[in-house]
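As structure tokens, the structure follows; a few thoughts come after it.
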Amino acid sequence: MGNTISILLPTISRPTLAKTLKSLKCQEWIEGDEVIVIADGHQPLAHKLWEQFRLPGRFIEVPGPNNDFGHTPRNLVMPSVTGDYLMAIDDDDELASGAIAAVRKALGENPGRPHLFRMTGEPCFGTVWKHQEVVERNVGTPMFVVPTAGQKWGRYTPRHGGDCDFIKSTLAMWPDDSVVWRQEIIALIRPNN
């Protein structure tokens, strides 16, 4: 298994999308990585921003809007990813500087296993995970990295907290000791951006 990465980014063209894409543009990409921007319904502004930032990957429109935090769009597109590992990010979050390099290094140390990194939303939310447990408000979308081999993935449920449901249902398919908990902060939650 290599260390190429597919990132799913559903969007409803929130004003924060440009910052999210900029944070992705500043990462270290290798051949085979892909960012998949998934427009929840017709999103011409998102398509324009996608073309402006020229990230590796593709732009996909799915029927919508689904109005479920991007969970339906992620579920629809997930089976088409081509990277060795799957990640996701919301259109109001950002990747920290050097996040993809840190992820790739960690994957090299523990290949073929799901990883949970940390994210921060200072000063409102603090840094999570606070303890090594998959529960709401302790884990979130941009901190989870899972192998794509065998598509051992759960589902995002169409509710606030559906990202935790995805992580929990995915990890239920793996042996109990398979998840690697990492200290690196790879994502920034930017509420009210």
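Brief remarks on what is shown
- Kirkwood-based Rg to Rh ratio, the stretch 1-83, C-alpha trace: 0.95
- Per-q log10 I(q)/I(0), the stretch 38-77, q = 0.16, 0.17, 0.25 Å⁻¹ (Debye; single scatterer per alpha-carbon; no solvent): -0.38, -0.43, -0.83
- Within the stretch 131-188, the proportion of C-alpha pairs whose separation exceeds 15 Å stands at 48%.
- Portion, in percent, of the accessible area of the chain that falls on carbon or sulfur, probe 1.4 Å: 53 percent
- GNM result for the chain, Cα springs below 10 Å: residue of 71, 47, 131 fluctuating most strongly: 131
- Rounded tilt (10° steps) of 99-109 against the dominant C-alpha axis of the chain: 30 degrees
- Legend: distances between Cα atoms for 48/152; 25/152; 48/168; pairs beyond 31 Å are 48/152; 48/168.
- Taking the charge dipole of the stretch 136-187 about its Cα centre, with +1 at Lys and Arg Cβ atoms and -1 at Asp and Glu Cβ atoms, the residue from 138, 169, 181 reaching farthest to the positive side is 169.
- For the set 97, 13, solvent exposure ranked by accessible area (probe 1.4 Å, protein chains only) runs largest to smallest as 97, 13.
- For the stretch 6-48, the alpha-carbon coordinates run over 29, 17, 14 Å along the three principal axes, in decreasing order.
- Computed over every Cα-Cα pair of the stretch 66-159 and binned at 10 Å starting from 0, the pair-distance distribution P(r) comes out as 13, 46, 37, 4 percent.
- For the stretch 96-193, GluC sites (Glu not before Pro) are listed when DSSP marks them as loop and at most 12 other Cβ atoms sit within 10 Å of their Cβ; the list is 133.
- Helix 44-53 and the long axis of the chain differ in direction by around 70°, with both axes built from C-alpha atoms.
- The chain - convex hull of the alpha-carbon atoms, volume per residue in Å³: 103 Å³
- DSSP loop trypsin sites (Lys or Arg not before Pro) with at most 16 other Cβ within 10 Å excluded, longest remaining stretch of the chain: 55-129
- For the stretch 88-118 versus the stretch 166-183, the gap between their alpha-carbon centres in whole angstrom: 14 Å
The values are calculated or read from the model by the stated rules, or taken from the named source; none is laboratory data. No experiment lies behind these values; they were computed from the predicted model shown. Here Cβ is always computed from backbone atoms with ideal geometry, including for glycine, and neighbour counts include all displayed protein chains. Note: accessible area is taken over every heavy atom of the protein model, side chains too, but ligands, DNA and RNA are not part of it. Shrake-Rupley method; radii C 1.70, N 1.55, O 1.52, S 1.80 Å.
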